[in-house]
Amino acid sequence: MVKQGSLKLVETVANLHKNPHMSSDAQITHKRPHDGHGPEPDSTANQEVDPWLDIYHKKNGLLNWKDQLEKMITHAEELNTTNFSHDVNQSSEINEFRKLMRDTGDRIKERLQDIIREYDERIRDCERNLDGMSLANQML
């Protein structure tokens, strides 16, 4: 998902370098009525902005989902310290079950942390691409 958006963004930047006046041309043609030949003026401007918006939207989605995963980790920790904590007043069978549940919670927590690390990598990819697009536009 992020890689496809990144490729589209890189392609747009490359096209901007091939035609550095693309943005100003889009603004000029936008003022004139469309004669039906070639791409519509708005579509040229949209082609320049759409990949940036796609990457920005993906980055925000990843950040939001990462927040939810962090809440799940907190909840798993809460369960381990409250519902599944060791209780000396309970039978050994119940305490064994609670230990099993704590171990399961720990495994879930570890997997969620792995997923968060993967999301962090994708978020950094998005940030790099957005920064690269900004730099490319400044250089034009």
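Derivation of every value follows stated rules applied to the coordinates shown; laboratory data play no part. If you're wondering where the values come from, they're calculated on a predicted model, not measured in any experiment. Every residue, glycine as well, gets a Cβ built from its backbone with ideal geometry; the counts of neighbours run over all protein chains shown.
Couple of notes before you dig in:
- In the range 67-90, the residues that are under 18 Å from Thr104 (Cβ atoms) reach residues that are of a type in the set (S, T, N, Q) and assigned to a helix (DSSP H, G or I) with C-beta atoms within less than 6 angstrom, at least six apart or across chains, in these pairs: His86/Asn95.
- Test: Asp106 is farther than 24 Å from Gln4 by Cα, free of Cβ contacts under 8 Å to residues at least 40 places away in the same chain and outside any helix (DSSP H, G or I): no
- Every residue from the range 76-133 that is touching a helix residue (DSSP H, G or I) at 6+ places or on another chain (Cβ under 8 Å) and small (Gly, Ala, Ser): Ala76, Ser85, Gly105, Gly132
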